[in-house]
1. Calculated FRET efficiency, Asn234 and Asp212, Cβ-Cβ r, R0 35 Å, to nearest 0.05?
2. Mean shadow of segment 138-228, computed from the convex hull of its alpha carbons, in nm²?
3. Tell me the accessible surface of Arg74 in square angstrom (1.4 angstrom probe, heavy atoms of protein chains only), to the nearest ten.
4. Shape call for segment 70-172 from the C-alpha gyration tensor, a ≥ b ≥ c root eigenvalues: rounded (a/c under 1.5), prolate (a/b greater than b/c) or oblate?
5. Quick one: accessible surface of Glu142, probe radius 1.4 Å, all protein chains present, in square angstrom to the nearest 10.
6. For segment 98-200, what does the accessible surface come to per residue with a 1.4 Å probe? Please give it in Å².
7. With every protein chain left in place, what is the accessible area of Ser221 in Å² (1.4 Å probe, nearest 10)?
8. Heavy atoms only, probe 1.4 angstrom, no DNA, RNA or ligands counted: give me Tyr178, Tyr99 ranked by accessible area, highest first.
Amino acid sequence: MKTYFRLIVALCAMVSCERPIIGGEESEAINGNLMVRVFQIEKTSFASLTRSAEPVGDVCTRLNYAVYDQEGSRVKQVNQTSDAPDFGSVSFRLEEGDYMLVVMAHSANGNPTMTNSAKIQFTNATGYADTFLYRDEVSIDEEPVEMQVSLERITSLCRFVITDESIPVEVKKMRFYYTGGSGAFDASTGLGSVNSKQVMTFDVDQNQKQFDLYTFLHESSSAISLKVTALDANDNVLYEREFDVPMEQNHITWLSGAYFNGSGSSASTNIGVTVNTDWAGDIHLTF
């Protein structure tokens, strides 16, 4: 009986020593010496980021945390989704030294590649979404470090709006192909770091006339070249038009017009620009 009792105690001790896993990485919550808590995202308070916190689903569905050495190589990474009970809090166990901490929030379909801090990259497969970033240097010594971080938007958004009274019934998809921006960014600047060919394809119905296209600009303001293609159920091209769209970081560019009011052949359109300052700013364009 004593031997059986000792075996039970030993098994309980082994289970109690296991550490939780977040996004395939150890959270290191018990022995961590760098604790990170997302406090604010672009003026949306995250004072208590839990599953029941109301703002979480409105701002992002994914959080990525990465620690880099002084050469920009990733040391550790943790990924979280909004259904995690500790969404917004994480702990790392690090050797003493100087590091760079990067925290990002977004709602893409998957996590970006974060191996290199100068090229944190989303792909056409993961999709592109509103993205927020925090980056800072941190020194680890004998005393634990606790950080409350605030993230700021680094994306630019082209909001394409169809003003036609109706969408032709044979149109089943809208494909947006755009260049001039980037699907990757440099964590030290928040600006785009590669020349990307970005593609977003949407299934459509008669009620969907707005399509959001995100990118990271190489400068605080520049332009993207946008090709908009309407497809049938077999991916045959029905309509196609091209636009040069001025963009600014942390701004929405509203590009709106009667897309189907004309021939189905490819056509380029010149557009005029007006600006107001809601959000960080909205650029309203018509075609």
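1. 0.85
2. Reported value for the Cα convex hull: 8.8 nm².
3. The accessible area comes out at roughly 100 Å².
4. prolate
5. 150 Å²
6. Accessible surface, normalised per residue, equals 42 Å².
7. Surface open to solvent at Ser221 totals about 60 Å².
8. The ranking, largest first, comes out as Tyr99, Tyr178.
The values are calculated or read from the model by the stated rules, or taken from the named source; none is laboratory data. Please read all numbers here as calculations on a predicted model, not as lab measurements. Using ideal geometry, Cβ is built from the backbone for each residue, glycine included, and neighbour counts are taken over all protein chains shown. Heads up: the accessible areas ignore ligands, DNA and RNA and are worked out on the full protein's heavy atoms, side chains in. Shrake-Rupley method; radii C 1.70, N 1.55, O 1.52, S 1.80 Å.
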